[in-house]
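First comes the structure, then the notes that go with it.
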Amino acid sequence: MKSRIIILMVSLVALNLLAVAIRNVAADDFYKGKTIRFIVGYAPGGGYDTYTRAVARHISRHIPGNPSTVVENMEGAGSLLAANYMFNKVEPDGLTVGNFNSGMVTQQALAAKGLRFDARKFGWVGSPGKGWPTCMVMGFTGMKTLDDVMKSGDKLRFGGTRAGASSDDLPKLMNTLMGTNLRVISGYKGTGPIRVALQSREINALCSGWESMRVTARTLLDASGDDKLIPFVFHGKVEDAEVKDLPQFTKVIKSEENVAAFKAWVNQYEFQRPLMVPPKTPKDKLQALRMGLQKTLTDREFMAEANKSKLVIENVTGEDVERSVEEILTISPAVKKKLLVLAPGKRE
């Protein structure tokens, strides 16, 4: 009896190995000589662009057939243009990978206007990391701390892209959950153009992911006096000396109800800059991309580049993203009511 069980177990292992080998051969046949196109929903120079290009430079080595890669920027509506494009226009052949703001999933939960996708139906490849939302103010405002900002009235103008992005959402959340009176100037195509606007004093503050800003806004953060960008409030546990002692959103928001609303919103930071393929992409292509991303994020050459560029890398799997998407799309009615301030009207 024991020998039969052993034989059966060995046979199952052999069959699994054979299935993996067949999938690899099929993927090799498909991807060899092909090009994978990465669509970034923001302008060049920002965090989405920076992280995606880093992945694209290395992922080919970890996909059977070693396809070439190309990155295209499709900025517009805070990456909503790219999200709608990926869902409705892209051929589901495993050759186009999208990268749009995870906050768009929250926008779906709020039934926001203009969305033409269902996040549950994307094939989620994974994400190169999580995020730490923070807000920053320019030195020329004379402000340095959260207390300064709380007392600023309506003097601060925050640069934003669109609802669903931290640049838009966080100042509005602060107004709703913390009682500030911050203004949001929307319509910028990414954090790159927003940084230019900060330097020209067109605006004077910004909310964004620290994991991006610590790299892409380095010149502003290292400046002095009026030209310096100063972080003043933060979310997350990190040993980074520039932000680790800042006030935490969950500590300065007063009521439990408001803290719950903030935590529901910040769940999107569990999968920052996610990569996905359109609905109905064959499972073997999705699996090849998922494995390729996971191997890339632990690749020595990739990590050497990431460390040199001070990119914060954490392997968030496609399955991890799926779970977070489901949590966001099933928020309670009470939390949804609190967050409706972030939705630009109901979906058409």
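The values are calculated or read from the model by the stated rules, or taken from the named source; none is laboratory data. As the structure is a prediction and not an experimental result, all values here were calculated from the model. Methodologically, a virtual Cβ is constructed for each residue, glycine included, from the backbone with ideal geometry; neighbour enumeration extends over all protein chains shown. The area values use the complete protein model at the heavy-atom level, side chains included, leaving out ligands, DNA and RNA. Shrake-Rupley method; radii C 1.70, N 1.55, O 1.52, S 1.80 Å.
Each Cα pair under 8 Å and six or more residues apart adds its sequence gap; the mean of these over the residue count of the chain is a relative contact order of 27 percent. Summary of the geometry: segment 153-195 and segment 249-276, compared by the centres of their Cα atoms, lie 16 Å apart. Dipole size of the chain about its Cα centre, with +1 on Lys/Arg Cβ and -1 on Asp/Glu Cβ: approximately 560 debye, rounded to the nearest 20. Counting only Cα atoms, segment 142-227 measures 31, 29, 23 Å along its principal axes, largest extent leading. Listed values (i) 39, 22, 20; (ii) 29, 22, 22; (iii) 36, 21, 17 include one computed from this model; for semi-axes √(5λ) of the Cα gyration tensor in Å that value carries the label (i). For residue 233, nonlocal amide neighbours, meaning residues 5 or more places apart or on other chains whose placed amide H falls under 5 Å from its own, are 135. Peptides 334-342, 163-171, 198-206 ranked from most to least packed by the mean count of surrounding Cβ atoms within 10 Å: 163-171, 198-206, 334-342.
Per residue, the accessible area of the chain comes to 45 Å², computed with a 1.4 Å probe over protein heavy atoms only. Close amide-amide hydrogen proximity is noted between residue 186 and 160, each under 5 Å apart and 5 or more residues distant or on a separate chain (H modeled in the peptide plane; Pro and chain starts excluded).
Decide, for segment 227-348, between rounded, prolate and oblate: order the square roots of the alpha carbon gyration tensor eigenvalues as a ≥ b ≥ c, take rounded if a/c falls under 1.5, and otherwise choose prolate if a/b is larger than b/c, else oblate. The shape class here is oblate. Multiplying the residue separation of residue 181 and residue 250 by 0.36 nm and subtracting their alpha-carbon distance yields 23.0 nm. Taking the protein heavy atoms of segment 75-121 in the context of the full set of protein chains, the accessible area attributed to carbon and sulfur is 47 percent at 1.4 Å. Taking amide H atoms as placed 1.01 Å from N in the peptide plane, the amide H of residue 272 lies under 5 Å from those of 129, 130, 131, each 5 or more residues away in sequence or on another chain.
By the gyration tensor of its Cα atoms, with a ≥ b ≥ c the square roots of the eigenvalues, what is the shape of segment 114-261: rounded for a/c under 1.5, prolate for a/b over b/c, or oblate?
Taking the square roots of the gyration eigenvalues as a ≥ b ≥ c, segment 114-261 is rounded.
Note on the chain: GNM, Cα springs under 10 Å; of 298, 180, 281, the largest mean-square fluctuation is that of 298. For the residue pairs 32/308; 144/189; 263/338; 172/336; 263/295; 32/89, alpha carbon separations beyond 20 Å are given by 32/308; 144/189; 263/295; 32/89. When DSSP beta bridges are restricted to pairs lying wholly in the chain, around 55% turn out antiparallel.
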